[in-house]
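Below is one structure, written out as structure tokens, with a few remarks after it.
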Amino acid sequence: MDIYHFPDDFLFGAAISAHQTEGNNSNSDWWEWEVNKPPGKKYPIEPSGIACDFYNRYGDDFDICTQFSLNAIRLSIEWARIQPTEETFSTQAIEHYQDILKAAKQKGLKTFVTLHHFTNPLWFAKKGGWASMDAGKIFALYASKCAQAFSEYTDAFLTINEPQVYALMAYTNGKWPPNKINPYLSYFVQMNMIRSQILAYDAMKKYTDTPIGHAHQIVWYETDPFGSNIIDKVAARVLNYLNDDFYLQPLRGKLDFLGLNYYFTKRIRYLGFDNPTDYVSDMGWWINPGGLGELLRELGKYEIPIYVTENGLADSHDKYRQQFIRDMLIACGQALANGVDVRGYFHWSLLDNYEWHHGFWPRFGLVEIDRNNNLARKPRRSFEYYAKIIRERRIEVD
Ligand code: FCB
């Protein structure tokens, strides 16, 4: 039997983002798109509206976190609230987020604070958003304000969430605002976001000692274990390089830690993708904990702390979530045992929330939100299982 131990300071958390949970994020580009859906378009399936009303209910939600033994929470600050116009920073909004972070700290939760999680202030979007050359400078100013306002209550900052996903969804397949389909622009946006992370890092460091990282989604590409050819192997190597080193190398020295968001493994067969279909989430995503293990092993070479800043599944009946959590944590435990500096795991998500253009049907929460009953919070059974692992700080594997 193998036993995987988690050190006392290992962070067991859950993650959320502002637009997906707070409600009424009306000064953002996403809100504008949601409420002005063009006739005949499929997406967005529904508007975010009140979302989970986390804006008002954060105290109760943190109580649930501690009741289920979490010692960390990852959440995001909504730029559109902090900087409602280019010329103004809102004292009221800053105080609101300070209150949220203070409440989390009082409950004993470590706070991981994302500054940009897909949504933009309307004024920024109207100026060209991330396709504008000014984006880096503008974002760095906002980031430096956040460093000044929130450092005292923040254990780690994450500058930008998943730049590659943002660029893909907003500029390659056009599903997210500003709904552009332009691969060149998409590439530019990605590079602009990398540049902006560097500018933000430097701007923030003038005001804070709090570690600064990011949250990067990395797909693990593998070949078919039952028969792969050399071409598929080369393709997997190239795709893994593009996802990880190509993106992370320029950020060397400008990240105090790596935040890894892991959802996908893609299996390559004859230069196409051919994933198993027998173990998938409600969204049809293949569940493969092995991919997390491979990525942690790969990322060890960067020799900076690693946090799994997102990992989870849509599973409305809570059918697979317990096994999923167990297997993903075993992958973390194995990486730790092999000397990789993994410091924490944040399950996506604490709450069932607004899953972007899909609306509310994908149920990612450790806690169910009953949308027919005043957004009542109902922790799922798998959350009890997660809490048990957290209390024991070990997993036994036969
Ligand atoms: C990630 C996003 C997060 C959530 C999960 C399911 O790409 O960062 O907001 O939508 O996917």
In the Gaussian network model of the chain, springs joining C-alpha atoms below 10 Å, which of Ile330, Ile16, Ile138 carries the largest mean-square fluctuation?
Ile138
Please give me, ordered by residue number, the GluC sites (Glu not before Pro) of the stretch 57-115 that lie in loop per DSSP and have at most 16 other Cβ atoms within 10 Å.
Glu86, Glu87
What number do you get for the stretch 42-201 when its Cα radius of gyration is normalised by 2.2 N^0.38 Å, N = residues?
1.09
Output wanted: per-residue J couplings in Hz (rounded whole) for the stretch 90-104, from phi through Karplus 6.51 cos²θ - 1.76 cosθ + 1.60, θ = phi - 60°, x for Gly and Pro.
8, 4, 4, 5, 4, 5, 4, 5, 4, 4, 4, 5, 4, 4, 5
Mind listing the phi-derived Karplus ³J(HN,Hα) values for the stretch 153-169, rounded to whole Hz, using 6.51, -1.76 and 1.60 with θ = phi - 60°, and x for any glycine or proline?
10, 10, 8, 7, 9, 10, 5, 10, 8, 6, x, 5, 5, 4, 5, 5, 6
HN-Hα couplings for the stretch 187-195 via Karplus (6.51, -1.76, 1.60; θ = phi - 60°), in whole Hz with x for Gly/Pro, come out as 5, 4, 4, 4, 5, 5, 6, 4, 4
Sorted largest first, the Cα spans of the chain on the principal axes come out in Å as 59, 47, 47
Taking the stretch 182-243, which chymotrypsin sites (Phe, Trp or Tyr not before Pro) meet the DSSP loop condition and have no more than 12 other C-beta atoms within 10 Å?
Phe226
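Bear in mind these aren't lab numbers, they're just calculated from the coordinates by the rules spelled out. Every value quoted in this text rests on a predicted model; they were computed, and no experiment measured them. Cβ atoms come from the backbone with ideal geometry, glycine included; neighbour counts cover every protein chain shown.
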